[in-house]
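Asks: Sharing a structure, written as structure tokens. Questions coming.
What follows is calculated from the coordinates using simple rules that are stated; it is not laboratory data. Just so it is clear, the model here is predicted, and its values are computed rather than measured. Every residue, glycine as well, gets a Cβ built from its backbone with ideal geometry; the counts of neighbours run over all protein chains shown.
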Amino acid sequence: MALIVQKYGGTSVGSTERIKNVARRVAHHHRQGHQMVVVVSAMSGETNRLLALAKELSPNPDPRELDVVAATGEQVTIGLLAIALTEMGFKAKSYTGGQVRILTDDAYTKARILAIDEAAMRRDLDEGTIVIVAGFQGVDAEGNITTLGRGGSDTSGVALAAALTADECQIYTDVDGVYTTDPRIVPEARRLSTVTFEEMLEMASLGSKVLQIRSVEFAGKYKVKLRVLSSLDEPESNAPGTLITFEEKQNMEQAIISGIAFNRDEAKISVMGVPDKPGIAYAILGPVAAANLDVDMIVQNIGASGHTDFSFTVNRTEFAKTLDVLEQHRGKDFAAREIIGDKHICKVSVVGIGMRSHVGIAAKMFKTLADEGINIQMISTSEIKISVVIDEKYLELAVRVLHKAFELEKEPA
Ligand code: ADP
Ligand code: ASP
Ligand code: MG
């Protein structure tokens, strides 16, 4: 007997028919003798709909109230799934995040999980009850409803698996695993049977939405056995999906590049003609950090005649706010000839731990993009990834040509 946590995303619970299908899969595993904890997202499109309602009333809704609204999506699906399972003759009980007591900090709309009280769930499991928990939500120490950021149900699933020391956490979604890149962009993308935890962490942080980054961080910290699978297969199918592994493969089978990630959610800001002197980076980015705005890539040009240009990227949703902050400090903390912004950029990254032992990956990436006339605006590298910022209109082309250039559609030899 194993304890299994299964998480189902929005598409997987997008209709009552799909919810019945989820119930059948959960029942299948329960009948095999496993203790089952099921985490569900809101029905597909529902979280967007709820957030849009709030925006109709205010351009800048109070984050506490936004979470009160957004968290209702998951409350509907836990109830519906419990009803479906009960109708099939199983004992099932639903819990909101607050009812479990998934304790988070009070950073509304992007709260972090601090602790999970597993006592009630354990009692239910010991009685043979299927436990159903709302993803994406928790409560802070004062009892306020919080949400964990978009895609946060993945993190709920993995955090519950960690708290319950589950044997496996299975993330069911609308694709049958983690692919070499988003199969919606590149139809030839190939499912990976395994991907290392480090690679998955990079891919998630670089924009692959198949797993929320924090879920991967949790899995790493608590060594949760994590697998991504399709909810659209037959419940009895033993499709293996993709296992996130903590060990690297033997050198022979390890591909140099495992995947290509991309992110459209960034924007670039360039502060032109700033004095080239010590302290300038701090003068520009200090106020940005103080305003709680996340900066991603940073590039400072070589100075000429005592001046230089300084560029960085921020989340697109924080673009306007960042420009405001810079304008407030310009002339006081730093001088600049001009501040320019560009929202129409994207970041494309190649990821692979094989890069550690191979040279020439960056050169191949740059040549591939150059051959298509795609200009690289910024570059950043780490031991296992190379990222470039390019014009957003070339995103799909860039991902396709890189996928082909690195022969990712082929099984590594
Ligand atoms: P869910 O609602 O189940 O959480 P998401 O839409 O959040 O599903 O994540 C699944 C989607 O992630 C897929 O439909 C796919 O388009 C996208 N995706 C992006 N990168 C990848 C990748 N490397 N492998 C698989 N899916 C990916
Ligand atoms: N329903 C939430 C969202 O759409 C959480 C999730 O699906 O993971 O972001
Ligand atoms: Mg998701």
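Asks: Rank-order 80-86, 101-107, 58-64 by packing density, defined as the average count of other C-beta atoms within 10 Å over each peptide's residues, highest first.
Replies: 80-86, 101-107, 58-64
Asks: Still on this model: Please give me the summed charge of the neighbours of residue 237: other residues whose Cβ is under 11 Å from its Cβ, Lys and Arg +1, Asp and Glu -1.
Replies: Working: positive: 25; negative: 176, 233, 234, 236.
Result for the neighbourhood of residue 237: -3.
Asks: How big is the gap, in Å, between the Cα center of the stretch 262-301 and the Cα center of the stretch 94-113?
Replies: When both Cα centres are located, 33 Å separates them.
Asks: For the chain, what is the percent of antiparallel DSSP beta bridges, rounded to the nearest 5?
Replies: 60
Asks: Taking N as the number of residues in the stretch 135-234, what is its alpha-carbon radius of gyration divided by 2.2 N^0.38 Å?
Replies: On the way: Rg = 14.1 Å, N = 100, 2.2 N^0.38 = 12.7 Å.
So the Cα radius of gyration is 1.11 times the expected 2.2 N^0.38 Å.
Asks: So, one more: Could you work out the relative contact order of the chain? I mean the mean sequence separation of Cα pairs under 8 Å and 6+ apart, divided by the number of residues, in percent.
Replies: RCO, the chain: 14 percent.
Asks: May I have the pair-distance distribution P(r) for the chain, computed from all Cα-Cα distances with 20 Å bins from 0 and rounded to whole percent?
Replies: Per 20 Å bin, starting at 0, the Cα pair percentages come out as 25, 52, 21, 2.
Asks: Add -39500 (n - 2.57) for each DSSP H run of 4 or more in the chain, then divide by its residues: what number comes out at 222 nm, to the nearest 500 deg cm²/dmol?
Replies: -10000 deg cm²/dmol
Asks: Counting only C-alpha contacts under 8 Å and six or more residues apart, can you give the relative contact order of the stretch 267-328 as a whole percent? Walk me through the numbers on the way to the answer.
Replies: Working: 83 pairs, mean separation 27.7, N = 62.
The normalised contact order for the stretch 267-328 reaches 45 percent.
Asks: Sticking with this structure for a sec: Which translational diffusion coefficient, to the nearest whole µm²/s, is obtained for the stretch 1-64 from the Stokes-Einstein equation, given a Kirkwood hydrodynamic radius over C-alpha pairs, 4 °C and 1.567 mPa s?
Replies: Calculated translational D: 95 µm²/s.
Asks: Assuming R0 = 22 Å, what is the FRET efficiency of residue 301 and residue 381, from their Cβ-Cβ distance, to the nearest 0.05?
Replies: 0.80
Asks: Once amide H atoms are built 1.01 Å from N in the peptide plane, which residues 5 or more positions from residue 192, or in another chain, come under 5 Å H to H?
Replies: Under 5 Å from the amide H of residue 192: 178, 179, 180.
Asks: Between the stretch 32-65 and the stretch 323-360, how far is it from one alpha carbon centroid to the other, in angstrom?
Replies: 31
Asks: What does the convex hull of the alpha-carbon atoms of the stretch 324-389 project to on average, in nm²?
Replies: Values: hull surface 26.1 nm².
Average of the hull's projected areas for the stretch 324-389 equals 6.5 nm².
Asks: Please tell me the relative contact order of the stretch 48-125 in percent, rounded to the nearest whole number, where contacts are Cα pairs under 8 Å and at least six residues apart.
Replies: The value is 22 percent.
Asks: Checking the table 55/321; 221/321; 367/393 against a 23 Å threshold on Cα-Cα, which pairs fail?
Replies: Long pairs (Cα-Cα over 23 Å): 221/321.
Asks: If each residue of separation counts as 0.36 nm, what is the full-extension length gain between residue 356 and residue 277 once their alpha-carbon separation is subtracted?
Replies: 25.0 nm
Asks: Here's a follow-up. Please give the direction-averaged projected area of the C-alpha convex hull for the stretch 1-112, in square nanometres with one decimal.
Replies: Quarter of the Cα hull surface area: 7.6 nm².
Asks: Working out 0.36 nm times the residue gap between residue 112 and residue 64, then minus their Cα-Cα distance, what length gain in nm do you get to one decimal?
Replies: 15.8 nm
Asks: Please compute the net charge surrounding residue 78, taking Lys and Arg as +1 and Asp and Glu as -1 over other residues with Cβ under 14 Å from its Cβ.
Replies: -1
Asks: Beyond 20 Å between alpha-carbons counts as too far, so tell me which of 110/223; 20/91; 225/404 fall in that bin.
Replies: 110/223; 225/404
Asks: For residue 273, enumerate residues with amide H under 5 Å from its amide H, sequence gap 5+ or separate chain, H modeled in the peptide plane.
Replies: The answer is 308, 309, 310, 337.
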